[in-house]
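Below is one structure, written out as structure tokens, with a few remarks after it.
The values are calculated or read from the model by the stated rules, or taken from the named source; none is laboratory data. Just so it is clear, the model here is predicted, and its values are computed rather than measured. Don't worry about glycine lacking a Cβ; one is built from the backbone with ideal geometry, like all the others, and counts go over all protein chains shown.
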Amino acid sequence: NNIPIGSPVRTQAIINRYFVKAKKNLGQNFLVDQAAILGIVQAADIQPNDQVIEIGPGIGSLTEQLLLAGAKVFAYEVDDSLPEILQNELPPKIDNQPLSQRFKLLLKDVLKANFKEDLAGFFDLKKPIKVVANLPYYITTPIIFALAESDLHFASLTLMMQKEVAERLEASPGNKEYGPLTISVQTEMKVNLALQVSHNSFMPRPKVDSSVVVLTPLKDKPVIGNRQHFVWVVKMCFAQRRKTLNNNLKALVPDNTTREALIKELGVDPRIRPEDLTIKQFIKIARNVHRK
Ligand code: SAM
């Protein structure tokens, strides 16, 4: 079958053949735009023998192009009606290798993944891994937090998400989108916007447009100490986004003199808002705050 899965005619044929009903509660919006699909593969810079984790392959439109670009794909999916479709519709052979050597599907919630255990035997864990996904939107941020916290050796994460979430990842201090998600990701990774995808490129069509973002691990990561503590402090600083830093810090540093000294050390006006602080300044705050 030479027509790609992600073309509208082939997707419609698959939908008819297997009585597929896109499950809203699983965030199923299938890509039916070959240019967008190839755009994702290109943004991920897929090379032959790349090891790729795909989250939510759906009916395989992106999976197919990852395989054809030479990747070995390990996919997490939760919908148990999809393995049969993927098995039948993905190319049975790629570069003379049977599909089973190039593609493995695990029916498992990616938020419950134990990457090293799941991937062992299929991937060489000494080599870097790429993540490529058209993410289910209802759990985009938990997935990004989980990936940022995992100890896998990532080469990059190429993720399609709602445009609004991408704006939060990319934001700089002073933007209203700048917040805990921005800071949590930017302490680990460089964020690049690769392409914008219209809501018309999906079946069914979601309400909002999407962006593809490429995250690459930083070579020189800032030393943030205990990550959980750091993220907690940042979240506390943003507890009331519209209030001043001084006000937000009251819960963390109740003693007035200590708090004033900390703000002085940061070199900022106490009336500054959390969204105006740099990552370096949050690191300084986290170092000076102790959880009781
Ligand atoms: N990759 C396909 C595409 O681009 O057409 C489908 C993308 S669709 C936006 C998201 C996919 O993630 C669906 O196939 C859905 O069943 C799957 N999914 C939803 N929740 C998941 C979870 N917790 N773990 C793994 N996959 C999940």
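For the reader, a short list of remarks on this structure follows.
- Test: residue in segment 120-127 that is out of contact with any Pro (no Cβ under 8 Å at 6 or more places or on another chain) and either over 29 Å from ASP80 (Cα atoms) or hydroxyl-bearing (Ser, Thr, Tyr) (or both): yes
- Test: residue in segment 209-222 that is assigned to a helix (DSSP H, G or I), hydroxyl-bearing (Ser, Thr, Tyr), closer than 30 Å to ALA36 by Cβ and touching a strand residue (DSSP E or B) at 6+ places or on another chain (Cβ under 8 Å): no
- Number of residues in segment 140-157 that are crowded, with 18+ Cβ neighbours inside 10 Å and either assigned to a loop (DSSP other than H, G, I, E, B) or within 9 Å of the ligand (Cβ to nearest atom) (or both) equals 1.
- Sole exception among (1) more than 17 Å from THR216 (Cα to Cα); (2) surrounded by 14 or more Cβ atoms within 10 Å (Cβ to Cβ); (3) touching a helix residue (DSSP H, G or I) at 6+ places or on another chain (Cβ under 8 Å) for PHE123, by number: (3)
- Single condition VAL132 does not satisfy, out of (1) within 10 Å of the ligand (Cβ to nearest atom); (2) crowded, with 19+ Cβ neighbours inside 10 Å; (3) among the β-branched types (Val, Ile, Thr); (4) assigned to a helix (DSSP H, G or I): (4)
- Screening TYR76 with (1) under 12 Å from the mean Cα position of the chain (by Cα); (2) assigned to a strand (DSSP E or B) gives one miss only, at (1).
- Just one of the numbered conditions (1) free of Cβ contacts under 8 Å to residues at least 40 places away in the same chain; (2) under 20 Å from VAL131 (Cβ atoms) is not true of LYS21: (2).
- Residue in segment 7-14 that is away from the ligand (no atom under 11 Å from the Cβ) and within 18 Å of the chain's Cα centre (by Cα) present: no
- Each residue in segment 168-208 was checked for being over 21 Å from PHE30 (Cα atoms), outside any strand (DSSP E or B) and not small (Gly, Ala, Ser), and 16 pass.
- Residues satisfying the stated conditions in segment 79-116, i.e. without any contact (Cβ under 8 Å) to a residue 24 or more places away in the chain, away from the ligand (no atom under 15 Å from the Cβ) and not in a helix (DSSP H, G or I): PRO92, LYS93, ASN96, GLN97, PRO98
- A single entry from ALA35, ALA13, ALA22 fulfils the requirement of being in contact with a Phe, Trp or Tyr (Cβ under 7 Å, 6 or more places away or on another chain), surrounded by fewer than 18 Cβ atoms within 10 Å (Cβ to Cβ) and aliphatic (A, V, I, L, M): ALA22.
- Residues (surrounded by 15 or more Cβ atoms within 10 Å (Cβ to Cβ) and within 16 Å of GLU170 (Cβ to Cβ)) located in segment 195-210: LEU195, VAL197, ASP209, SER210
- Set PRO173, PRO206: member being of a type outside the set (D, E, K, R) and in contact with a Leu (Cβ under 9 Å, 6 or more places away or on another chain): PRO173
- The C-beta contact set for segment 233-257 (first residue without any contact (Cβ under 8 Å) to a residue 12 or more places away in the chain, second residue of a type outside the set (D, E, K, R) and surrounded by 15 or more Cβ atoms within 10 Å (Cβ to Cβ), distance under 8 angstrom, 6+ apart or interchain) comprises GLN240/ASN247; GLN240/ASN248.
- Residues considered: GLN34, GLN28, GLN51, GLN47. Of these, the only one that is within 19 Å of the chain's Cα centre (by Cα), at pLDDT 95 or above, more than 10 Å from the ligand (Cβ to nearest atom) and of a type outside the set (Val, Ile, Thr) is GLN51.
- Which listed residue is within 11 Å of the chain's Cα centre (by Cα) and on the phi < 0 side of the Ramachandran plot, from LEU218, LEU119, LEU147: LEU147
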